[in-house]
1. For residues that are touching a residue at least 60 places away in the same chain (Cβ under 8 Å) and more than 17 Å from residue B:20 (Cα to Cα), tally how many sit in the stretch B:35-53.
2. Which of the residues spanning the stretch A:1-21 are more than 21 Å from residue A:103 (Cβ to Cβ) and either of a type in the set (Val, Ile, Thr) or within 12 Å of another protein chain (Cβ to nearest Cβ) (or both)?
3. Is at least one residue of the stretch B:59-74 within 14 Å of another protein chain (Cβ to nearest Cβ), part of a loop (DSSP other than H, G, I, E, B) and in contact (Cβ under 8 Å) with a residue 24 or more places away in the chain?
4. What is the residue count in the stretch A:49-58 for residues that are of a type outside the set (S, T, N, Q) and buried (at least 16 other Cβ atoms within 10 Å of the Cβ)?
5. Scan the stretch B:29-58 residue by residue and report those that are of a type outside the set (A, V, I, L, M, F, W, C), assigned to a loop (DSSP other than H, G, I, E, B) and either away from chain A (no Cβ under 14 Å) or loosely packed, with under 13 Cβ neighbours inside 10 Å (or both).
6. Do you know which residues across the stretch B:8-34 are charged (D, E, K, R) and within 16 Å of the chain's Cα centre (by Cα)?
7. Looking only at the stretch A:69-88, filter to residues that are more than 15 Å from residue A:7 (Cβ to Cβ) and buried (at least 16 other Cβ atoms within 10 Å of the Cβ); which one of those is nearest to the chain's Cα centre (by Cα)?
8. Whether any residue in the stretch A:102-112 is small (Gly, Ala, Ser) and facing chain B (nearest Cβ under 9 Å) is what I want to check.
Amino acid sequence: GAVVSQHPSRVICKSGTSVKIECRSLDFQATTMFWYRQFPKKSLMLMATSNEGSKATYEQGVEKDKFLINHASLTLSTLTVTSAHPEDSSFYICSASRLAGTDTQYFGPGTRLTVL
Amino acid sequence: AQKVTQAQTEISVVEKEDVTLDCVYETRDTTYYLFWYKQPPSGELVFLIRRNSFDEQNEISGRYSWNFQKSTSSFNFTITASQVVDSAVYFCALEDSGAGSYQLTFGKGTKLSVIP
């Protein structure tokens, strides 16, 4: 159990377009989902924490208008990168937890975003 | 503030050798969780272990073992008889109540290369 999927696994888009990434918990209900960004050969940087049905909490320095996060159900959270630019190119990883603070975060396989 | 230090950036070992990955953490909380994740070249983070701060018992799972020492704030990970499939980046992470959001703070990772 505790499988998290992400779609798409890889996306290439033109500068100025928007891209939506989906994160799904396949066999459990996730009260909390997290979105991370990982630069090449670097550690994971938390972008935001989202609880089902409420607004996401963004980390300092993360533009909430640029990285729109929606956690509409207990099994789905989406990250939309709006008006993407080349500097947004990165590896985006989501994780899901049944209940933050009491359960392990299980990670999705990641989405490689390349903005041309 | 929470902090996780993985001093070893890269380690290379020959197959069948034992290897220990170091992890030192800082937190003001008395209740916290420590994790190890494996990130193979495919990019997906694989959960290895979660340890509660009140449980200092060492754990062994097959060729993997973990040594938790609260006195030195360390949570080291040992792979016995390493195999090529163990080649990956390994992340140590800390989860505490911090700002109340139970976020994971990751170390910078240790890249392990097992040479056949």
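1. 0
2. A:9, A:10, A:11, A:12, A:17, A:19, A:21
3. No, the stretch B:59-74 contains no residue that is within 14 Å of another protein chain (Cβ to nearest Cβ), part of a loop (DSSP other than H, G, I, E, B) and in contact (Cβ under 8 Å) with a residue 24 or more places away in the chain.
4. Matching residues across the stretch A:49-58 total 3.
5. Across the stretch B:29-58, the qualifying residues are B:30, B:31, B:41, B:42, B:55, B:56, B:57, B:58.
6. B:10, B:18, B:22, B:26
7. That would be A:69.
8. yes
The values are calculated or read from the model by the stated rules, or taken from the named source; none is laboratory data. Because the structure is predicted, anything quoted here is derived from the model rather than measured. Methodologically, a virtual Cβ is constructed for each residue, glycine included, from the backbone with ideal geometry; neighbour enumeration extends over all protein chains shown.
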